[in-house]
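K.L.:
After the structure tokens below, expect a handful of questions from me.
The values are calculated or read from the model by the stated rules, or taken from the named source; none is laboratory data. Bear in mind the structure is a predicted one, so any value in this text is a computation, not a measurement. Counting neighbours? That spans all protein chains shown, and the Cβs are built from the backbone with ideal geometry, glycine included. Heavy atoms of the whole protein, side chains included, go into the accessibility calculation; ligands, DNA and RNA do not. Shrake-Rupley method; radii C 1.70, N 1.55, O 1.52, S 1.80 Å.
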Amino acid sequence: MTRPRDIVSPVAGYDWPDLVKEYGSPLLILDCEVLRNQYRRLQKALPKVDLYFAIKALPNETVIDVLHKEGCHFDIATQGEVKLLEKNGVMATKTIHTHPIKRDIDIRSTLRYGCTTFVVDNEFELEKFVRYKERVGLLLRLSFPNPDAMVNLSKKFGLSVEEAPEFISKAEQLGIHVKGISFHVGSQSPHSQSHVDAIVKSLAIIEESRKTRDIPMSILDIGGGFPINYDGSSIDIEKFCAPINEILETIPKNIRVIAEPGRYIAAPAMTCITSVIGKAVRDGTPWYYLDDGVYNSFSGQIFDHAIYPKFTLKQGATMASVLAGPTCDSIDVIAESIELPDLGIGDLIVAPMMGAYTSATATEFNSLPKTNIIAVNVEEMASTTITRIQ
Ligand SMILES: Cc1ncc(COP(=O)(O)O)c(C=O)c1O
């Protein structure tokens with residue numbers, strides 16, 4: 001819990017306390033160099049797959065800009081995300097809309113933007129596209145429940161494999177083009193076998209559709225789920241992706257494979273610095289109250305089930321302690337039984353790996369503002385400059 005040697009500030013010449021002095025606390029630091037590296041590493045590990053960054057993980061203009069310059073595509077799910085891309089000048093041809101449930105106004109505004117690929121997973125949703133059938137191509141989202149994933153994304157969404165043939169026939173009757181299959185094996189999926197199994201089953205449906213119904217499909221969307229290590233160590237993503245690449249070697253050449261990674265690209269790119277603002281001893285245990293908590297940047301501990309690594313910069317004998325957030329609610333506890341040295345008001349806690357599903361799900365409960373974000377290394381190879389972005 002005290003600072004390991006590699007937890008250094010991403011800003012040359014600024015240690016963590018200097019950043020707080022200059023930009024205030026709490027603070028999120030987005031390191032665009034890490035963002036670029038994560039994107040490049042995943043793209044290299046999946047050379048035949050086009051990556052569509054899932055904006056929901058870290059909806060932020062600088063993030064979009066940096067990834068756009070890298071050649072990344074984007075996965076959008078709401079009108080707000082469409083606006084973010086429009087503002088950044090991202091061409092609609094680089095996007096797909098992946099929310100299985102949409103209002104007519106969502107479909108219309110997305111079409112107005114120019115994005116024509118949508119995801120559906122049931123017949124009610126299919127009917128919404130009858131009036132737009134000349135303009136759209138749909139991906140059918142299948143469900144592949146995965147108990148090993150940190151976040152299950154096949155309960156709320158996805159059609160079962162067994163129901164797929166009937167759905168495809170229904171779409172054909174309505175004159176709507178189902179141009180591919182999509183799935184999400186769950187976020188932070190620890191084994192790539194889950195991706196492999198889902199690919200095999202999806203390919204069987206694509207093949208069956210071609211053979212028996214003469215409906216050729218051209219897209220296989222293998223979703224997100226690519227994991228990171230929340231202990232801060234780097235994951236061997238090449239090893240993780242090797243079995244996926246092996247199975248992708250077998251697929252027909254006319255099928256384009258795409259993916260929607262969020263967490264893998266965003267999580268390691270942001271670090272939170274938060275300060276002790278209050279202290280108490282309750283039943284013999286030290287409680288430290290911080291200026292950030294589960295209603296704000298640490299909201300991922302509630303919504304995303306993530307536990308971020310946390311370090312103090314202070315040395316000394318440690319004891320089991322509690323870290324709590326600043327709101328009046330008792331659920332606002334970040335860590336219990338965490339080994340910490342004796343901390344004082346103003347001491348800092350540094351939490352890396354806080355780029356995905358953190359500021360994205362932060363609230364302003366208790367009228368406390370969301371944590372400011374500064375970006376470093378926005379331009380590649382530039383000497384370190386810091387930009388306030390939120
Ligand atoms: C439709 C869809 N695509 C992609 C993602 C990103 O997944 P991950 O962050 O696991 O890569 C999500 C996450 O919720 C999602 O719902």
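K.L.:
Using alpha-carbon positions, what is the distance between the centroids of segment 257-294 and segment 170-187, in Å?
P.N.:
Cα centres, segment 257-294 to segment 170-187: 38 Å.
K.L.:
Right, something else. To the nearest 20 debye, what is the magnitude of the charge dipole of the chain about its Cα centre, counting +1 on the Cβ of each Lys and Arg and -1 on the Cβ of each Asp and Glu? Don't skip to the end; give the middle numbers.
P.N.:
Numbers: 40 positive and 49 negative charges, 193 e Å.
Its charge dipole is roughly 920 debye.
K.L.:
Test of understanding: what is the full-extension gain from Glu246 to Glu127, defined as 0.36 nm times their sequence separation minus their Cα-Cα distance? Spell out each step's value before the answer.
P.N.:
Numbers: separation 119, 0.36 × 119 = 42.84 nm, distance 3.70 nm.
This chain segment gains 39.1 nm when fully extended.
K.L.:
While we're looking at this one, here's another question. For segment 233-341, what does the convex hull of the Cα positions come to per residue, in cubic angstrom?
P.N.:
Normalising the Cα hull of segment 233-341 by residue number yields 142 Å³.
K.L.:
Can you run phi through the Karplus equation (6.51, -1.76, 1.60; θ = phi - 60°) for segment 130-136 and list ³J(HN,Hα) in whole Hz, with x for Gly and Pro?
P.N.:
Those phi angles translate into 4, 5, 10, 4, 6, 10, 10 Hz.
K.L.:
State the percent of C-alpha pairs, over all pairs in segment 154-306, separated by a distance greater than 20 angstrom.
P.N.:
62
K.L.:
Apply 1/(1 + (r/R0)^6) to the Cβ-Cβ distance of Met91 and Glu162, taking R0 = 41 Å, and write down the FRET efficiency to the nearest 0.05.
P.N.:
E(calc), rounded to 0.05, equals 0.60.
K.L.:
Additional query: Angle, helix 32-45 long axis vs. longest principal axis of the chain, Cα atoms, 0 to 90°, nearest 10?
P.N.:
Relative to the chain, helix 32-45 is tipped by roughly 40 degrees.
K.L.:
At 7 Å along the Cα-to-beta-carbon direction for both Ser218 and Ile331, put a label point, then send me their distance in nm to one decimal.
P.N.:
Computed distance between label sites Ser218 and Ile331 equals 4.6 nm.
K.L.:
In straight Cα distance, which aspartates and glutamates are under 14 Å from Lys56, not counting same-chain residues fewer than 8 positions off?
P.N.:
Filter leaves Asp75, Glu81, Glu260, Asp304.
K.L.:
Percent antiparallel among DSSP beta bridges with both residues in segment 32-266, to the nearest 5?
P.N.:
Just about 5 percent of them are antiparallel.
K.L.:
Just the number: Rg to Rh for the chain, Cα atoms, Kirkwood Rh, two decimals.
P.N.:
1.01
K.L.:
So, one more: Amide H of Phe74: which non-local residues (sequence gap of 5 or more, or other chain) have their own amide H closer than 5 Å, using H built in the peptide plane?
P.N.:
It is Phe53, Thr95, Ile96, by chain and number.
K.L.:
Taking segment 231-282 on its own, what percent of its Cα-Cα pair distances exceed 16 Å? Each step should come with its number before you reach the end.
P.N.:
Values: 883 of 1326 pairs.
Summing the P(r) of segment 231-282 above 16 Å gives 67 percent of all pairs.
K.L.:
Sticking with this structure for a sec: Where the centroid of each part is defined by its Cα atoms, how far is segment 38-99 from segment 208-236 in Å?
P.N.:
If you average the Cα positions of each part, the centres end up 16 Å apart.
K.L.:
Which one of Ile244, Leu30, Ile181 is farthest out on the positive end of the charge dipole of the chain, using unit charges on Cβ (Lys, Arg +1; Asp, Glu -1) and the Cα centre as origin?
P.N.:
Result: Ile181.
K.L.:
What accessible area per residue, rounded to a whole number of Å², is obtained for segment 204-312 using a probe radius of 1.4 Å?
P.N.:
39
K.L.:
Excluding ligands, DNA and RNA, what is the solvent-accessible area per residue of segment 6-77 at a probe of 1.4 Å, expressed in Å²?
P.N.:
37
K.L.:
Among Val196, Ile302, Ser218, whose Cα sits farthest toward the positive end of the charge dipole of the chain (+1 at Cβ of Lys/Arg, -1 at Cβ of Asp/Glu, about the Cα centre)?
P.N.:
Ser218
K.L.:
Sticking with this one: Which entries in Lys48/Lys94; Lys179/Lys211; Lys69/Lys179; Lys94/Lys253 show an alpha-carbon gap greater than 18 Å?
P.N.:
Lys69/Lys179; Lys94/Lys253
K.L.:
Under the rule of at least 5 residues apart or a separate chain, name every residue whose amide H is placed under 5 Å from the amide H of Asp50.
P.N.:
Amide H neighbours of Asp50: Val257, Ile258, Ala259.
K.L.:
Rounded to the nearest 500 deg cm²/dmol, what is the calculated helix-only ellipticity per residue at 222 nm for the chain, with -39500 (n - 2.57) per DSSP H run of length n ≥ 4?
P.N.:
-8000 deg cm²/dmol
K.L.:
Shifting gears a bit: Given a Förster distance of 35 Å, report the FRET efficiency between His177 and Asn229 from their Cβ-Cβ distance, rounded to the nearest 0.05. Walk me through the numbers on the way to the answer.
P.N.:
Details: r = 41 Å, r/R0 = 1.16.
It comes out at approximately 0.30.
K.L.:
Separate question: So if R0 is 41 Å, what FRET efficiency would Trp287 and Asn37 give, r being the distance between their Cβ atoms, rounded to the nearest 0.05?
P.N.:
The computed FRET efficiency comes out at 0.65.
K.L.:
Ignoring any ligand, DNA or RNA, what whole percent of the accessible area of the chain comes from carbon and sulfur when the probe is 1.4 angstrom? Spell out each step's value before the answer.
P.N.:
On the way: 8850 of 16820 Å².
The C+S portion of the solvent-accessible surface of the chain is 53 percent.
K.L.:
Nearest 5 percent is fine: what portion of the DSSP beta bridges confined to segment 91-225 is antiparallel?
P.N.:
Numbers: 1 of 15 bridges.
The answer is about 5 percent antiparallel.
K.L.:
Continuing with this model, one more query. Of the candidates Met353, Met150, Met319, which one comes out as most mobile in a Gaussian network treatment of the chain with C-alpha springs shorter than 10 Å?
P.N.:
For the chain, modelled as a Gaussian network with Cα springs under 10 Å, the answer is Met319.
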